[in-house]
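For reference, the structure discussed in these notes is given below.
FYI, it's all coordinate maths here, none of it is from the lab. Computed from a predicted model, the values in this text were never measured in an experiment. When we count neighbours, we look across all protein chains shown, and the Cβ atoms used for this are built from the backbone with ideal geometry, even at glycine.
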Amino acid sequence: MITLTNRLGATLTMQMTMSIDETGHTMQIDSERLAHGDGSIFCGESVEPRSFTAKGSLYYADKTINRVKIDELNQFLRYAPIEVDRGDGRNILARKKSFVSKWLDDDIEVELTIEFEALDPYFYGSPVTVEQTVTTADTIAIASLGEAYPVITLDITGSCTDPTLTCDGQSIIVAGTYTTGKIIIDSKRMRATYEGAGIIGSMNDSWLNSSFLITKDSTSIAFSATGSYSIDITIDFRPRFL
């Protein structure tokens, strides 16, 4: 069954006669035409916003109830974005693009088609939190079925210099010395703070250029720093899937 959650946190479970069958995606391929010769040069690619449709039938065998249910659904969908759960553990955030109802059999049945547009084209799994305390260079085990840009919190007691995290050839390096307090690095929104103050100027170039992506094959993140410290590391992420 399809379960919807709107911006207010309200949930609505649709009848079993409603389904989402197709959830394909398209790619935007950027290129530049050659000044001389044939073809173009590849310049990059990105996943386009995703459209998908929930369709089926609402059948309560009563025209008055049908009207009430349609009104309730329309009102519910006004509070976008809507988190759409198909019941497979992977949800997507979308907005209603069209709403078409066809009334049948003296209005006791309604054929319903709702088209959604997801500006973020990814489906997301359940949130994952990994926690570990380190007092020296160490490795933090992770497990992800999909890919994710994590939020990493370093809750520092003591003093550490140049805290560094590496994973699959990627790195996060926070230049400088940090005493008791919290560093928060959000690799999705590209934000970095220490005790609430921005420290984006202390971040390494590779993170600024490419962020820090956990893939489905990632198994661990290595931590290192100099100094005398105890750091509670929290890694929060939500795996995403195409």
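Structure summary
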read-out: Dipole magnitude of segment 128-241, debye to nearest 20 (Cβ charges: Lys/Arg +1, Asp/Glu -1, about Cα centre); value: 320 debye
read-out: Alpha-carbon centroid distance for the pair segment 1-42 / segment 68-132, whole angstrom; value: 14 Å
read-out: Label-point gap, in nm, between residue 132 and residue 149 - each point 7 angstrom along Cα→Cβ; value: 2.4 nm
read-out: Principal axes of the chain: Cα extent on each, largest first, Å; value: 77, 57, 30
read-out: Selected from 27, 41, 51, residue furthest toward positive end of dipole (segment 3-123; charges at beta carbon); value: 51
read-out: Segment 128-241: radius of gyration over Cα atoms, expressed as a fraction of 2.2 N^0.38 Å; value: 0.97
read-out: Leading residue at positive end of dipole, segment 72-180 (Cβ point charges), from 164, 103, 178; value: 178
read-out: Integer Hz, Karplus 6.51/-1.76/1.60 couplings in order for segment 33-39, x for Gly and Pro; value: 5, 6, 5, 9, x, 9, x
read-out: Using θ = phi - 60° and Karplus 6.51 cos²θ - 1.76 cosθ + 1.60, couplings along segment 197-214 (whole Hz; Gly, Pro as x); value: 9, x, 10, 4, x, 8, 7, 6, 4, 5, 5, 4, 7, 10, 6, 8, 10, 7
read-out: Ordering of 136-142, 80-86 by packing [mean C-beta count within 10 Å, highest first]; value: 80-86, 136-142
read-out: Cα-based reach from residue 182 at 29 Å (exclusive), listing lysines while leaving out same-chain residues under 8 positions away; value: 216
read-out: J(HN,Hα) series, segment 187-193, from Karplus relation 6.51 cos²θ - 1.76 cosθ + 1.60, nearest Hz, glycine and proline x; value: 7, 8, 8, 6, 10, 9, 9
